[in-house]
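Every number in this text was worked out from the coordinates using simple rules, so none of it is lab data. The model shown is predicted, which means the values in this text are computed figures rather than measured ones. Please note: Cβ atoms are built from the backbone with ideal geometry, for glycine as well, and neighbour counts cover all protein chains shown.
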Amino acid sequence: MSDVDALKAEIKKLSAKAINAKMNLHDLSEELPVGWQTILGVAQATHDAYAALEAARAQLKAMEAA
């Protein structure tokens with residue numbers, strides 16, 4: 001498997017993780033004020049997931065352009 005193919009597979013995993021984090025944040029927002037204490041943790045996990053996904057996509061774009 002090439003580096004590009006491996007990165008594409010990793011992007012799929014990161015995308016699934018980001019979507020799951022987004023749904024967790026969405027579910028939390030619908031249940032508020034119940035669970036309000038977890039807002040920062042859930043929001044940080046969502047932020048981190050999307051940051052990792054964006055970084056991997058940028059890396060793939062750079063690899064494909066080279």
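Observations on the model:
- Count of segment 1-33 residues which are of a type in the set (V, I, T) and under 25 Å from Q44 (Cβ atoms): 2
- Restricting A56, A49, A18 to residues that are in contact with a Phe, Trp or Tyr (Cβ under 6 Å, 6 or more places away or on another chain) and surrounded by 11 or more Cβ atoms within 10 Å (Cβ to Cβ) narrows the list to A18.
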